[in-house]
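The values are calculated or read from the model by the stated rules, or taken from the named source; none is laboratory data. A quick note: this is a predicted structure, and the numbers were derived from the prediction, not measured. For neighbour counting, all protein chains shown are included, and Cβ atoms are generated from backbone atoms with ideal geometry for every residue, glycine included. Side chains are part of the model used for accessible areas, which takes the heavy atoms of the whole protein and leaves out ligands, DNA and RNA. Shrake-Rupley method; radii C 1.70, N 1.55, O 1.52, S 1.80 Å.
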Amino acid sequence: MVTLREHRIQLAEILADNPSLQNYLNDQFELCYAQARREAADETGLEIEEFPVESPFTVLQCLDEGFRPD
């Protein structure tokens, strides 16, 4: 199982090798969050309204290896 830390490391490496992808990531972040929100509702059996409409985290927070949500 790939951990959150491993995903963050992989993304950091990809972005370091391809800096132009940062703009793409910024553009796609909200779309990805919306999809993750739907998947979380499906996987947990909770109503989608239980999850915030907008991400409570920024792109930078999501990429920060040391960031842990409360």
**OP:** Identify the single condition in (1) free of Cβ contacts under 8 Å to residues at least 40 places away in the same chain; (2) open to solvent by less than 70 Å² (accessible area, probe 1.4 Å); (3) not small (Gly, Ala, Ser) that Pro19 does not satisfy, given that it satisfies every other one.
**Re:** (2)
Original post:
Hey, among the residues in the stretch 31-44 that are under 18 Å from Pro69 (Cβ atoms) and of a type in the set (Asp, Glu), which one's most open to solvent (accessible area, probe 1.4 Å)?
Top reply: Glu43
Subject >> Members of the stretch 22-56 that are touching a residue at least 12 places away in the same chain (Cβ under 8 Å) and in contact with a helix residue (DSSP H, G or I) (Cβ under 7 Å, 6 or more places away or on another chain) >> reply: Leu25, Asn26, Phe29, Arg37, Phe51, Ser55
Subject >> Positions within the stretch 45-60 being under 22 Å from His7 (Cα atoms) and open to solvent by 50 Å² or more (accessible area, probe 1.4 Å), in sequence order >> reply: Glu54, Pro56, Phe57, Thr58, Leu60
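To keep it simple, each residue is scored yes or no on (1) among the hydroxyl-bearing types (Ser, Thr, Tyr); (2) within 10 Å of the chain's Cα centre (by Cα).
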site: Gln10; (1), (2): no, no
site: Ile14; (1), (2): no, no
site: Ser20; (1), (2): yes, no
site: Phe29; (1), (2): no, yes
site: Gly45; (1), (2): no, no
site: Ser55; (1), (2): yes, yes
